[in-house]
Amino acid sequence: MIKPDAVKNGHIGAILNDIIAGGFKIVAMKYTRLSAEKAGEFYAIHKERPFFGELVDFMSSGPIVAAILEKDNAIEDFRKLIGNTDPAKADAGTIRNKYAKSIDANAIHGSDSDANAEIEGNFYFSAFERF
Ligand code: ATP
Ligand code: MG
């Protein structure tokens, strides 16, 4: 998911270029916006964390790009491509290093396991929207 900060700052095209250059195939994609309720549902795993309220406010603050991506070893390779959660700690050349400014507005989300990728893919897309 390309987050509201990166969309607002004009980085959709550059981020998609990096994703494709990284060897990922786009299986599904949409430009949409989360309500606060849907953002809370997406990040329900973090509901006890102190930053949950800000995370929900931020993720529902503007449009996002949701996508399902496919690659061998996709989870680990995508985490490498996006870099550390905190852009200040993200390696040079990673998406968060290049396009994000803070830990709460960090440009992009990546699933953290195959099981969560399945859940998050189903959150945004039906079977008929995958190619
Ligand atoms: P994401 O799940 O968005 O890909 P991540 O897996 O790198 O990010 P998580 O630990 O899952 O990191 O945290 C989810 C999101 O919550 C982060 O992307 C960040 O925007 C926000 N977040 C995490 N830790 C903090 C923090 N200490 N302060 C503020 N926001 C935070
Ligand atoms: Mg995460």
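Structure summary
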{"item": "Matching option when the condition is more than 13 Å from ligand 1 (Cβ to nearest atom), of a type outside the set (Lys, Arg) and within 15 Å of Ile15 (Cα to Cα), among Gly93, Gly110", "result": "Gly93"}
{"item": "Checklist (1) farther than 24 Å from Gly13 by Cβ; (2) modelled with pLDDT of 95 or more; (3) open to solvent by 40 Å² or more (accessible area, probe 1.4 Å) applied to Gly40, failing item", "result": "(3)"}
{"item": "Residues of segment 46-80 that turn out to be open to solvent by 90 Å² or more (accessible area, probe 1.4 Å), within 16 Å of ligand 2 (Cβ to nearest atom) and in contact (Cβ under 8 Å) with a residue 40 or more places away in the chain, as a count", "result": "1"}
{"item": "Near pairs, Cβ below 6 angstrom, 6+ apart or cross-chain, from segment 111-122 (within 12 Å of ligand 2 (Cβ to nearest atom)) to any residue that is assigned to a helix (DSSP H, G or I) and of a type in the set (D, E, K, R)", "result": "Ser111/Glu120"}
{"item": "Tally, over segment 26-37, of residues that are of a type outside the set (Lys, Arg), surrounded by 12 or more Cβ atoms within 10 Å (Cβ to Cβ) and part of a loop (DSSP other than H, G, I, E, B)", "result": "1"}
{"item": "Failed item in (1) within 13 Å of ligand 1 (Cβ to nearest atom); (2) among the hydrophobic types (A, V, I, L, M, F, W, C); (3) in contact with a Gly (Cβ under 8 Å, 6 or more places away or on another chain), with Ile119 passing the rest", "result": "(3)"}
{"item": "Gly23 more than 15 Å from ligand 2 (Cβ to nearest atom), assigned to a loop (DSSP other than H, G, I, E, B) and open to solvent by less than 90 Å² (accessible area, probe 1.4 Å)", "result": "yes"}
{"item": "Residue selected from segment 101-131 under the condition of a type in the set (A, V, I, L, M) and touching an Asp or Glu at 6+ places or on another chain (Cβ under 7 Å), by the criterion nearest to Ile19 (Cα to Cα)", "result": "Ala107"}
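The rows are residues; the columns are (1) over 19 Å from Tyr43 (Cα atoms); (2) in a loop (DSSP other than H, G, I, E, B); (3) open to solvent by less than 40 Å² (accessible area, probe 1.4 Å).
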position: Asn84; (1), (2), (3): no, yes, no
position: Asn97; (1), (2), (3): yes, no, no
position: Asn106; (1), (2), (3): no, yes, yes
position: Ser111; (1), (2), (3): no, yes, yes
position: Glu118; (1), (2), (3): no, no, no
position: Phe123; (1), (2), (3): no, no, no
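The values are calculated or read from the model by the stated rules, or taken from the named source; none is laboratory data. Small disclaimer: the values here were computed from a predicted structure and weren't measured. Cβ coordinates were reconstructed from backbone atoms using ideal geometry, including for glycine residues, and neighbour counts include every protein chain displayed. All accessible areas refer to the heavy atoms of the entire protein, side chains included, with ligands and DNA or RNA removed. Shrake-Rupley method; radii C 1.70, N 1.55, O 1.52, S 1.80 Å.
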